[in-house]
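Working notes for the structure below.
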Amino acid sequence: MSALSAWFWNERFWLPQNVTWADLADAESGEQYPRAGHLLYAFPTALGIFAFRLLFERFLAKPCALRLGLQGKGPRKAQPNAILEKVFISITKCPDGKHLEGLSKQLDWDARKIQRWFRQRRNQDKPSLVTKFSESMWRFLFYLYIFSYGVWFLWTAPWFWDTRQCWYNYPYQPLTLALYYYYIQELAFYWSLMFSQFTDIKRKDFLIMFVHHLATVGLISFSYVNNMVRVGTLVMCLHDASDFLLEAAKMANYAKYQRLCDGFFMMFGLMFVTTRLVVYPTWILNTTMFESWELIGPYPSWWLFNGLLLILQVLHVIWSYLIMRIAYRSLTKGKVGPGKCQPLPVLKDERSDIESSSEEEDTALNGTKSVHNTSSNGANRVNGHASSGQWSED
């Protein structure tokens, strides 16, 4: 273990030339530098955030959702049936024609009735709009708070106005209490997301988001250990700038305030594209790759840090493309007739995989209505936020 620890904490990887861990020990003057042990405090903080979230969603978010008229109950449950339940759990949740034919003979049900049962069974485990609204309200609150804290902290930080200050006298840059709190809060929040992901609304991109949270925790921890915290605060604040707008759009969507949802989503898209495709490369990558090269020179962890930031930029491009594609489709599909532009159509939540109700399908199957009312399936129908590749979190 001693040899493994010595290999992992090799000074020639983590630190610039002629700098050792002993040099970054607490100075006699009282100045303190980041240490790996400080990150352990993120775990009890994460548990505290998770506990606060549970209380917030139960006593504040849920009453707000109910007051807005959201339904607290989920979709109607399927009638108990041991045979169909066994097929649903052990064989398939979406039976094909062969299975339908066999079940129809076994139960003496027609195929449409069996299809309705399987649809209701798939939907009964889905969360209610109240649950979705409460989750988004919590994230909106935290993202708005942490972004406001970041702006407040950085407004008086010299490196916010001159990014070269991130590298002057590096790595001998003392750790302030406000900077430490900023890092621990961000790190604890993403740890709490990793904990709560197993109890939150299950979506199709569960594994992708788990890896994303893990990568975020790794980047924050990495920048803290080798004292790149100044540029780290810039990266964190920049990425928090648009998240609360997305959650605000989701809340408006669940509450059926469609025009408000459209406005928040367009603001989110504009902020996301501006910060990730313009500000990030010209402000962040410029200082981490060029200004730092000039002032401190490259070393192994410098290469790794910049490599991860470049990978992040590739993801920014992909996500921005998906967001712009949503906006374009929404604008073009929202036009009904010459000179009239209706509200943006609702973006179906494919991540939550909420299906149409059995009553709607029954109506269509029985031929009582040849075409459903377009507005009820469009601007006035709210199933959640966008698809996994579209309204996904950073």
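The rows are residues; the columns are (1) in contact with a Cys (Cβ under 9 Å, 6 or more places away or on another chain); (2) without any contact (Cβ under 8 Å) to a residue 12 or more places away in the chain; (3) not acidic (D, E).
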{"residue": "K132", "(1), (2), (3)": "no, no, yes"}
{"residue": "T176", "(1), (2), (3)": "no, yes, yes"}
{"residue": "M194", "(1), (2), (3)": "no, no, yes"}
{"residue": "F206", "(1), (2), (3)": "no, yes, yes"}
{"residue": "M209", "(1), (2), (3)": "no, no, yes"}
{"residue": "R230", "(1), (2), (3)": "yes, no, yes"}
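Applying the selection to the range 1-34, what residues are touching a residue at least 60 places away in the same chain (Cβ under 8 Å) and open to solvent by 40 Å² or more (accessible area, probe 1.4 Å)?
Of everything in the range 1-34, those that are touching a residue at least 60 places away in the same chain (Cβ under 8 Å) and open to solvent by 40 Å² or more (accessible area, probe 1.4 Å) turn out to be R12, F13, Q17, D23, E31, Q32.
Every residue, every condition in (1) hydrophobic (A, V, I, L, M, F, W, C); (2) in contact with a Leu (Cβ under 7 Å, 6 or more places away or on another chain); (3) under 17 Å from G150 (Cβ atoms); (4) outside any loop (DSSP other than H, G, I, E, B), yes or no:
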| site | (1), (2), (3), (4) |
| --- | --- |
| P171 | no, yes, no, no |
| I184 | yes, no, yes, yes |
| A215 | yes, no, no, yes |
| L219 | yes, yes, yes, yes |
| D262 | no, yes, no, yes |
| L277 | yes, no, no, yes |
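Counting only residues that are of a type in the set (F, W, Y) and touching a residue at least 60 places away in the same chain (Cβ under 8 Å), which one in the range 261-295 is nearest to V231 (Cα to Cα)?
Residues of the range 261-295 of a type in the set (F, W, Y): 264-265, 268, 272, 280, 283, 290, 293.
The next check asks that each one be touching a residue at least 60 places away in the same chain (Cβ under 8 Å); those that pass are 265, 283.
Numbers: F265: 28, W283: 10 Å.
Result: W283.
V278 - would you say it is modelled with pLDDT under 90 and hydrophobic (A, V, I, L, M, F, W, C)? Before the answer, list the steps.
Details: modelled with pLDDT under 90: no; hydrophobic (A, V, I, L, M, F, W, C): yes.
No, not satisfied.
Condition (residue is within 30 Å of A65 (Cα to Cα) and touching a residue at least 12 places away in the same chain (Cβ under 8 Å)) applied to the range 151-162: is it met by at least one residue?
The answer is yes, given that some residue of the range 151-162 is within 30 Å of A65 (Cα to Cα) and touching a residue at least 12 places away in the same chain (Cβ under 8 Å).
Can you tell me how many residues in the range 137-188 are at pLDDT below 95 and either open to solvent by less than 10 Å² (accessible area, probe 1.4 Å) or touching a Gly at 6+ places or on another chain (Cβ under 8 Å) (or both)?
2
Just to be sure, is T233 β-branched (V, I, T), open to solvent by less than 30 Å² (accessible area, probe 1.4 Å) and more than 20 Å from the chain's Cα centre (by Cα)? Give the steps one after another, and end with the answer.
Values: β-branched (V, I, T): yes; open to solvent by less than 30 Å² (accessible area, probe 1.4 Å): yes; more than 20 Å from the chain's Cα centre (by Cα): no.
No: the conditions fail for T233.
Check the range 204-216 and report whether any residue there is at pLDDT 90 or above and either surrounded by fewer than 21 Cβ atoms within 10 Å (Cβ to Cβ) or more than 30 Å from N123 (Cα to Cα) (or both). Talk me through it step by step, then tell me what you get.
Filtering the range 204-216 for residues at pLDDT 90 or above gives none.
The answer is no, given that none of the residues of the range 204-216 is at pLDDT 90 or above and either surrounded by fewer than 21 Cβ atoms within 10 Å (Cβ to Cβ) or more than 30 Å from N123 (Cα to Cα) (or both).
The values are calculated or read from the model by the stated rules, or taken from the named source; none is laboratory data. As the structure is a computational prediction, the values presented were derived from the model and not from experiment. Note: ideal-geometry Cβ built from the backbone for every residue, glycine included; neighbour counts use all protein chains shown. Accessible surface is based on the protein model in full, side chains and every heavy atom, while ligands, DNA and RNA are left aside. Shrake-Rupley method; radii C 1.70, N 1.55, O 1.52, S 1.80 Å.
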